[in-house]
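The values are calculated or read from the model by the stated rules, or taken from the named source; none is laboratory data. What you see is a predicted model; the values in this text were computed from it and never measured. Glycine gets a Cβ as well: all are built from the backbone with ideal geometry, and neighbour counts include every protein chain shown.
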Amino acid sequence: MEGPGMTQDMNSFPWLTLLTAVPLVGALAVLALGGRNKALVRWTALAFSGISLLITLALWHSFNSAADGFQFQELHAWIPSLNVSYRVGIDGLGLLMLLLTSIVVPIGMLASWQIEQRVPLYFALVLTLQTCLVGTFTALNFFHWFIFWELALIPAFFLVRLWGGSGSAKAAMQFLVYTMVGSVAMLLSFLAIFLTTKTFDFTELATMGQNGTLMPAVVAKLGWHLLTPEHVALVIFFGAFLGFAVKVPLFPFHTWLPSTYAEAPSGTTILLTGAMSKMGVYGFLRILLPIFSPEMQKILTPLLWLAVATVVLSAYTAMAQKDLKRIFAYSSINHLGYCLLAIFAVAKFTGGDAALTTQKFAAMNGVFLQMFNHGLTAATLFWFIAMLEKRTGGVRGLDDFGGLRKVIPVFTGLMGIALFSSLGLPGLNGFIGEFLIFKGSFPLVTWATSLSVIGLLITAIFILGVIQRVFSGPLHGKWALLPDLTLGERLTLVPVIGLMFALGLYPQLILGVVNHTAIQMALHLRNF
Amino acid sequence: MLAWTIYISFLGALVLLLLPSRSAALVRILALTTTLVTFAITLTAFLQHRSGEMFTVVDHPWISSLGIHFCLKADGISLTLLLLTGVIGICGVLFSWNVDHRIKEFFAFYLVLIGAVYGVFLSFDLFLLFVFYEIVVIPKYFLIAIWGSTRREYAAMKLVLYSFIGSAMVLVGLIAAYVVSGSKSMSLGDLAGYPYSPHFQMWAFPLVFVGFGILAGLWPFHTWAPTGHVAAPTAASMLLAGVVMKLGAYGCLRVAMTLFPLGLAPWGFHILGLGSWRDVFAVLAVIGILYGALVALVQKDFKFVIGYSSISHMGFILLGLMTLNQIGLSGAVVQMVSHGILAGLLFAVVGRMVYSRTHTRDLPALGPMHLNKALPFAAFTFVIAGMASMGLPGFSGFAAELMILIGVWHSYPTLILFVGIGLIAGVAYIWRAMQQAFFSGTAPAAAVAPPDHPLPPITFPEKLGAGILICSSVIVGTFPQVFLNVIHPALNSPLFQGLRNGGW
């Protein structure tokens, strides 16, 4: 299953386990340093995150984009009685997520530089979160994957709770309970599947799912006679679906998100939107779609309605917000809604039609690109908000500002680029993902795609609204002395902004990595 | 060699009582040494007997005319539980390092309790098991009545009365089994092999099961547990919830289910949808899970939250037992270990780390104390213990509950929804207690005035005890195979043949 492009060294060395362990070691190191020298703590944390980035780039360099299956695999026996083995590996999707994580976490750390309370604990939690993210994106066995999926909630909860705003207690609790309910439902569904198949391995389950043998076997094993077999299959599907739907989030399971994003310190919001939300979409792609596509096809129309609602309603609500963080929180829901639209479109039964299958490839590629680009852009936007909050002492209302471009022109310029990227301006990275999603989905699910265009329009409206109300117009007196970006901030922002341009003008950078995996994923979905 | 765990514990208690009472340090060191030695013995035995099959430790005729032997045996299940007792024994001593009132008697009773628990887990002769089972009750009473807190005399009396009622029920069942089988032997193997009539088993099984079940916190006979655990001093709570309740579950598995497996068979008719004692106890177990969790959710006393959470977790064990398949039963045994560790940890935090410093367990009163800043180690330990308790993967609770849930899917899929609700309720009550006790009040961004009288810091014995328990939970959670390797052969042994014939 390994690609021919790998050297023998790459084969035997446990790179992925190392990548998972490095941030955790960093967390312990940071805690051991103690709170006296805060600068040392911050730089140490950043260094460990930087090491992760280097390892990920090395993996990218050695990755064979044309190979099937998973690379850098490690396989060890773990709990034979439960048929659980320690199996990790990455394909194009996994590598993309690792790259995103290793970029978003340092951004999150940089945006948290101004935190003064309990600094070692903060950065230790961030590093622990990075470990959990890497673990989720590399695990190939449900038991192992679920450990990291759940563990990630703990640092996230405490990051929101301990350093958040005044409403953080309620928001953090809501976040936790919502996600837990979804996770419990998902766990129960997978245990029912395990009972039938005696395996937790994603690849094996995907094969069974695609053969159409999985759900009938599960239904027969459970022997519930109160419901028809189709309904039993749907119940099991719904359990697994709920776990991921809460995480992305999909309407109507999204209500935890705006408060949590708004109350969290901006550095944490970067991690939540840049990386953690992608866990949900990753779950849809890696787990739900391959294993449950027959069920998804049966209820495709309701699913598409939910995706459309996610896209349109969240954009509409973003337009009505007055808090900058809430605007972009709802905007995150909107951007990820496009991913779900495309995923549901790809799940659609097309009977082997070659032209439509090509559209599915486009849609899949679009999802991957959108995941990465949204992660990057959203992280950057919240970073700008953090920088703004630092200057204004926490003020971040839409109506509190005006005319800032006269006072902080460089800030305006760079944030403007990020805003236009979020809007989907061609030439910047935000465009290409959305373009491919729409191009691919339109022939597949025309009505849903057409309705989702409304989301694009409303997004344009509120983003231009942000630019107009924050940066243009009359200047309030109290902001007249606002300092512009420091040299350090400029130096750290330029690579990120540069990346936005690079990806916008030359998306092949990412497409080269993921295209093959996207095509394979779409091809493996047998049409029933 | 395993018999020495019993002998050394009792010997230790005796030596302690004979010591001159001047040196508190000597008493503590002696108690700690005793528990360390017994743990070392159990660990060695565990590592030596990897096959998990039953082996004889001691077998002497005792009261030959009645066929009673002093017979001790162990298999994979016993070894696992003995190991648990060893670990909790050590940690109980560590968390009681601050006891200064009548120290000698405290640790003497403690060691007698541990010794009797070892005795129950090792006994293969049912008379001997019963003797040890009764010996367990005496030190429990004194530990609670003398060193306890809230309403200690009442709690101690209630606990003892319930225990004796349970024991009486068990005794009736055992004597009946002995007589019906011809009054020849009290050995478990002999009695289990005797073919009792289905009619006999149908009434003997629930009698003995409920008898042991009372000690295991079977709903609705559980009411002694929250009161008793809350009133008990920390080490006693750790032992009571952590180990002694497992005696009840162990008795259910080892005695009731092996002697009278046909008692689990269908009655042939249905009442309220229940068609067998198995259905009845499964439903009672689920009710216990939900009831314990929901009542824990509304408690104002921190320790009561943990007390009721014990009922909820014991419900998982009993449910696992009733699934009657290998994965459910092994899940139940792993849950016995897991809950033993976690209950110990939770009571240690609430009782020893928090209560002995703050002198209050009232959640609304603890909030303003900003304990996450005053006692960060306690907060950290409670977070870990709480997460493990609610079944967070990576810790022992998840591994156990996973197996039990698979077993439940197999045998009682209709109950799964309720168990799922119980899991979520488990998240809710732990998180609520944690929030209110440690993380109440505003985030650290707001200025918080330092308290006038800072709380004493967490001592080294407490940190050591917490560390041992956390590591144990992680080990069981990430490498459950180590225990499954000995539990599965034990479940496949001839002793459980009758149960297996029931079909799994």
Checking residue B:215 against (1) closer than 16 Å to residue B:127 by Cα; (2) buried (at least 24 other Cβ atoms within 10 Å of the Cβ); (3) at pLDDT 90 or above; (4) not small (Gly, Ala, Ser), which test does it fail? (1)
Picking from A:310, A:301, A:260, which residue would you name as being in a helix (DSSP H, G or I), without any contact (Cβ under 8 Å) to a residue 24 or more places away in the chain and of a type in the set (S, T, N, Q)? A:301
Among B:56, B:42, which is the only one that is within 23 Å of residue B:495 (Cβ to Cβ) and modelled with pLDDT under 90? B:56
Among the residues of the range B:186-218, write down those that are closer than 16 Å to residue B:131 by Cβ and not hydrophobic (A, V, I, L, M, F, W, C). B:187, B:211
With the first residue restricted to the range A:204-230 and required to be surrounded by 13 or more Cβ atoms within 10 Å (Cβ to Cβ), and the second required to be not in a helix (DSSP H, G or I), Cβ contacts under 6 Å at 6 or more apart or on different chains are A:210/A:526
The range A:191-203 - residue that is assigned to a helix (DSSP H, G or I) and surrounded by fewer than 23 Cβ atoms within 10 Å (Cβ to Cβ) and, of those, nearest to the other protein chains (Cβ to nearest Cβ): A:195
Condition met for residue A:457 (in a helix (DSSP H, G or I) and either on the phi > 0 side of the Ramachandran plot or buried (at least 18 other Cβ atoms within 10 Å of the Cβ) (or both)): no
Going residue by residue through the range A:48-70, is there one that turns out to be under 23 Å from residue A:190 (Cβ atoms), more than 14 Å from every other protein chain (Cβ to nearest Cβ), touching a Pro at 6+ places or on another chain (Cβ under 9 Å) and not aromatic (Phe, Trp, Tyr)? no
Tell me the residue from B:200, B:130, B:205, B:164 that is closer than 18 Å to residue B:241 by Cα, assigned to a helix (DSSP H, G or I) and in contact (Cβ under 8 Å) with a residue 24 or more places away in the chain, please. B:164
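Suppose we filter A:181, A:160, A:88, A:105 for residues that are closer than 25 Å to residue A:284 by Cβ, within 11 Å of another protein chain (Cβ to nearest Cβ) and buried (at least 24 other Cβ atoms within 10 Å of the Cβ); which single one remains? Step through it out loud before you land on a result.
Values: A:181 fails: buried (at least 24 other Cβ atoms within 10 Å of the Cβ); A:88 fails: within 11 Å of another protein chain (Cβ to nearest Cβ); A:105 fails: within 11 Å of another protein chain (Cβ to nearest Cβ).
Answer to the check: A:160.
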For residue A:189, which of the numbered conditions (1) under 22 Å from the mean Cα position of the chain (by Cα); (2) small (Gly, Ala, Ser); (3) at pLDDT 90 or above fails to hold? (1)
Candidates A:293, A:332, filtered to the one that is touching a residue at least 24 places away in the same chain (Cβ under 8 Å), farther than 28 Å from residue A:111 by Cβ, in contact with a helix residue (DSSP H, G or I) (Cβ under 6 Å, 6 or more places away or on another chain) and of a type in the set (Ser, Thr, Tyr): A:293
Taking the range B:356-380 as the region of interest, how many residues are of a type outside the set (A, V, I, L, M) and either free of Cβ contacts under 8 Å to residues at least 60 places away in the same chain or within 14 Å of chain A (Cβ to nearest Cβ) (or both)? 9
Scanning the range A:141-157 for residues that are more than 10 Å from chain B (Cβ to nearest Cβ), touching a Leu at 6+ places or on another chain (Cβ under 9 Å) and touching a residue at least 40 places away in the same chain (Cβ under 8 Å) gives A:142, A:152, A:156
Take the residues of the range B:257-309 that are closer than 20 Å to residue B:322 by Cα and in a strand (DSSP E or B): which is nearest to the chain's Cα centre (by Cα)? B:274
